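Shown next, in structure tokens, is the structure this report addresses.
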Amino acid sequence: MRRPPQKKTPKQRATFRLEPVLAAALRQVPNQTAFVESALREALGRLCPLCHGTGHASGVHLNVSNFKGLPIRRLDRSTAAQLKALVQLGRQLLATQLKLEVCEEEGLAFELAREDQLLLSGEIPRGKREVRLTH
């Protein structure tokens with residue numbers, strides 16, 4: 001015996017604003033509706049371990065190891081600027097730990113982590129304008 005076809009639940013329209021660059025990229029996707037639905041299902045299926053889905057992570061603090069006690073000379077301008085940018089990135093990523101150690105040529109090795117998850121690691125070489133990433 002043949003089953004009658006199931007009725008699909010009617011879809012509802014949702015309107016939201018995007019940055020122009022993101023909107024232009026979305027217009028290039030062949031099936032925009034399917035793409036957005038898939039992205040939303042995936043995002044809604046995961047909860048942020050820090051904010052638990054609220055979008056606000058109150059009380060998240062970036063703990064920076066005390067590098068004043070490290071055997072390193074005074075930081076030069078480029079190293080200090082890169083360290084400042086790394087701290088700002090850590091705050092934007094809701095990182096909870098920034099560990100610093102002295103590495104070759106008195107540069108700084110770093111590990112940026114959120115809880116037990118390593119987000120980024122590398123070196124800030126002394127006197128150079130680049131950061132070497134290892135993870």
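The values are calculated or read from the model by the stated rules, or taken from the named source; none is laboratory data. Everything numeric here is computed off the predicted structure, so don't read it as measured data. Cβ atoms come from the backbone with ideal geometry, glycine included; neighbour counts cover every protein chain shown.
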Identify, by number, the condition in (1) surrounded by 17 or more Cβ atoms within 10 Å (Cβ to Cβ); (2) at pLDDT 80 or above; (3) touching a Ser or Thr at 6+ places or on another chain (Cβ under 6 Å) that P125 doesn't meet. (3)
Name, by its number, the condition in (1) under 26 Å from L112 (Cβ atoms); (2) modelled with pLDDT of 75 or more; (3) not in a loop (DSSP other than H, G, I, E, B) that does not hold for K68. (2)
A24 passes all but one of the listed conditions (1) small (G, A, S); (2) in a loop (DSSP other than H, G, I, E, B); (3) modelled with pLDDT of 85 or more; the exception is number (2)
